[in-house]
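Chemist: Encoded as structure tokens, here's the structure I'll be asking about.
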Amino acid sequence: MSELSIHRIGLGTDLHRLEPGGPLRIGGVDIPFDKHAAGHSDGDVVLHAVTDALLGAFGLPDIGERFPDTDLAYKGADSRGLLKLVLDDVRTRGHAVAQVDLVIHAERPKLTGFKDAIRMCLADILDLPPDRVGIKAKTGEGLDAVGRGEAIACTAIVGLTAGSPVK
């Protein structure tokens, strides 16, 4: 596989409170769980962190400014669509996603059995081969809101290259 020249990088984070009633959407995948992420849209911390990373790579306003929770048009929005809108902006600026790497912070549910589905969903949305999507899952070891099972979070970094998507 050829090496890519990274022209821009972006870092994104997101955190959502967990509330009763599932499923829990993570990385575009609905995971059976007794809680869901509270949010104006679908509360998908992975897609929100990746979206923020893409916006940050160009010094653009964050996801909260781009898709404000005061705008009813985004109430219950599917975050896959929001990410695709930002991805269109990336392409308009002459860039493509070359790599994404992320860490999902969740005490529960255990995500080992869902990482491949999340990777494939992200690869599909971002038009990347799956080996350019890194996914790790970490618990909070019983500490802070994540560790107590009150929240879920994600940190993502993206590398962008000039030109067309990498396949």
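Chemist: Which is closer than 21 Å to Ile152 by Cβ and modelled with pLDDT of 95 or more, of Ala53, Ala57?
Modeler: Ala53
Chemist: Among the residues in the stretch 11-25, are any surrounded by fewer than 14 Cβ atoms within 10 Å (Cβ to Cβ), closer than 21 Å to Thr155 by Cβ and hydrophobic (A, V, I, L, M, F, W, C)?
Modeler: Within the stretch 11-25, one or more residues are surrounded by fewer than 14 Cβ atoms within 10 Å (Cβ to Cβ), closer than 21 Å to Thr155 by Cβ and hydrophobic (A, V, I, L, M, F, W, C).
Chemist: Give me the residue from the stretch 102-131 that is in contact with a Pro (Cβ under 9 Å, 6 or more places away or on another chain) and open to solvent by less than 10 Å² (accessible area, probe 1.4 Å) and, out of that set, nearest to Arg148 (Cα to Cα).
Modeler: Leu122
Chemist: With the requirement that a residue be of a type in the set (Asp, Glu) and open to solvent by 20 Å² or more (accessible area, probe 1.4 Å), what does the stretch 35-90 give you?
Modeler: Scanning the stretch 35-90 gives Asp42, Asp52, Asp62, Glu65, Asp69, Asp71, Asp78, Asp88, Asp89.
Chemist: Still on this structure, I have one more. Do we find a residue being modelled with pLDDT of 95 or more, surrounded by 17 or more Cβ atoms within 10 Å (Cβ to Cβ) and over 16 Å from Leu18 (Cβ atoms) anywhere in the stretch 136-152?
Modeler: no
Chemist: Restricted to the stretch 118-167, and to residues that are assigned to a helix (DSSP H, G or I) and of a type in the set (D, E, K, R), which residue is farthest from the chain's Cα centre (by Cα)?
Modeler: Only one residue tops the list, namely Asp144.
The values are calculated or read from the model by the stated rules, or taken from the named source; none is laboratory data. All values derive from a computational prediction rather than experimental measurement. Backbone-built Cβ (ideal geometry, glycine too); neighbour counts: all protein chains shown. SASA here: full protein model, heavy atoms, side chains in, ligands and nucleic acids out. Shrake-Rupley method; radii C 1.70, N 1.55, O 1.52, S 1.80 Å.
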